[in-house]
Amino acid sequence: MMANPIKIVIAGPRGRMGREAVKMVTHQKHFQMVAVIDKGNDGKKLSEVEPEFHGVDCPIYTDIHTCLKATKPDCLIDLTVPDAAYYHAKSALELNVRPVVGTTGISPDELEDLKTLANEKKLGCIIAPNFAIGAVLMMKFSQMAAKYFSDVEIIELHHDGKLDAPSGTAIKTAEMIHENRELKQQGHPNETEKLTGARGAELYGMHIHSVRLPGLIAHQQVIFGASGETLTIRHDSYDRSSFMTGVKVSVETVMKLDGYVYGLENILD
Ligand code: NAP
C-alpha cells in the first residue's frame, strides 16, 4: 500500500526558482501541493494567474498563518526573499510544519533563531543555500583541497537579478574551507586597494569576489594557489532545474529529521 503523499506548500511559486519547484512537486506521485503563498492573488487558483500551470488548481494565499492553518501541510518550501523566508520558516515551525528553505541572504541571527526553534520543537528544518548536487561536491572538494593549500580565492558568478552578495554558497564554501585550512591572511601584507573593493570581500582571511551579469545563472570557481601550481574547482548551473533534485531530497529528508540542518551536504550520504 502506498504511503500518504507529503503535503507541500510552496512560497514564491511565480519566481524563477519557485516555478521549477511547482513543476517538480506536481510531477512526483509521493508529493501533493496543497497551496502556494504569493504576494498577491489571494483566493485565486494558481492555474488562473499562471497559464503555464494549466490544471494546477491549488489555492493561493497571501497570509502564511491562514494558509498553514487551512491546508495543514507537512512541509513548506520557501523560494522568496530573505525577510519573507525567515518569517515563513518561523511561522511554519510554530505551526508544526517542516521548512525547506532555499532562499539565501537570511541573517546569521535569524538562522540561529530558526535553529533554536526547530531543535526545541524537535521538528525537521533544512536551510540549503545551494540545492545543486554538483555545487555541494564543489564545496566538499574545496574543503578537501584546503588541507593542502592555504591560499585560496573564491569567485562566484550569478545573474544580475540576484539580491544578495556574496552568494550563500560562497559564504558556505569559505566556512567549509576554514574548517580545514591553516588560518592565513592572504596577499602582500602591505597591499592597498586603489579602488575600494578591488580585492573583494574577506572572510577568515580569504577573498570572495561577486560577479553579476545577465546570461549567467549560478556559477562558482574556487582557485587554490601554491608554489608553481594552481588548482581550480568549478561548478556551473546552466538551468534552474539543476536545483530540483536537491529540493526533492530535502523534502523527503526533512520529514525524517528532528531538528535543524544547514546545507545540503549534511543530508547527502
Ligand atoms: P525571484 O525570481 O525574484 O523569485 C522570488 C519570488 O518570491 C517572486 O515571485 C516574489 O514575488 C516572491 N515573493 C517575494 N516576497 C514574497 C512574499 N512575502 N510572499 C510570497 N512570495 C514572495 O528569485 P529566484 O531567482 O527564484 O530566487 C529566489 C531565492 O532563491 C533567492 O533568495 C535566491 O538567491 C535563492 N536561490 C537559491 C538556490 C538554492 O539552490 N538554494 C538557487 C537559486 C536561487 P514578486 O515578484 O511579486 O515580488
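Other residues within the sphere of radius under 15 Å centred on the Cβ of P129, judged by their own Cβ, net out at -1 (K and R +1, D and E -1). Within the listed set H178, H188, H207, the Gaussian network model of the chain (springs between alpha-carbon atoms below 10 Å) gives the highest mean-square fluctuation for H188. Rounded to whole Å, the principal axis extents of the Cα atoms in the stretch 191-269 read 51, 30, 28, largest first. For the chain, a crude dipole built from +1 on the beta carbon of Lys and Arg and -1 on the beta carbon of Asp and Glu, taken about the Cα centre, is about 660 debye to the nearest 20. At a probe radius of 1.4 angstrom, the accessible area of the chain per residue rounds to 50 square angstrom.
Structural descriptor for the chain: relative contact order 20 percent, calculated from alpha carbon pairs under 8 angstrom and at least 6 residues apart.
Residues H27, H54 ordered from highest to lowest accessible area at a 1.4 Å probe: H54, H27. May I ask for the Kirkwood hydrodynamic radius of the stretch 149-235, worked out over all distinct Cα pairs and given in angstroms to one decimal? 13.7 Å is the Kirkwood radius here. Near K172: Cβ cut-off under 12 Å, other residues only, Lys/Arg at +1 and Asp/Glu at -1. The net charge is -3. Ellipsoid semi-axes for the stretch 1-104, based on the Cα gyration tensor and the rule √(5λ), read 18, 17, 13 Å when sorted largest first. Averaging over all projection directions, the Cα-based convex hull of the stretch 110-269 occupies 11.0 nm² in the image plane. At a probe radius of 1.4 Å, what is the per-residue accessible area of I223, in Å² to the nearest 10? Solvent-accessible area, nearest 10 Å²: 50 Å². Other residues with beta-carbon under 14 Å from the beta-carbon of T230 carry, at +1 per Lys or Arg and -1 per Asp or Glu, a net charge of -2. Compared with the dominant Cα axis of the chain, that is its longest principal axis, helix 244-254 is turned about 70°. Taking the chain as the reference, fit the longest principal axis to its C-alpha atoms, fit the long axis of helix 82-94 to the helix C-alpha atoms, and give the angle between the two in degrees, 0 to 90, nearest 10. Tilt of helix 82-94: around 50 degrees. Just the protein heavy atoms count here, and of the accessible area of the stretch 22-63 at 1.4 Å, carbon and sulfur take up 48 percent. Note on D151: accessible area is roughly 50 Å² with a 1.4 Å probe, heavy atoms of protein only.
The angle between the Cα long axis of helix 108-121 and the main principal axis of the chain comes to about 50°, on a 0 to 90 degree scale. Need the C-alpha centroid separation for the stretch 133-163 versus the stretch 51-106, integer Å. Their Cα centres are 29 Å away from one another.
Shape index of the chain: Rg/Rh, with Rg the Cα radius of gyration and Rh the Kirkwood radius from the inverse mean 1/r over Cα pairs, equals 1.01.
The values are calculated or read from the model by the stated rules, or taken from the named source; none is laboratory data. All of these numbers come straight from a predicted model, not from anything done at the bench. Neighbour counts are summed over all protein chains in view; Cβ atoms, including those assigned to glycine, are modelled from backbone coordinates with ideal geometry. SASA here: full protein model, heavy atoms, side chains in, ligands and nucleic acids out. Shrake-Rupley method; radii C 1.70, N 1.55, O 1.52, S 1.80 Å.
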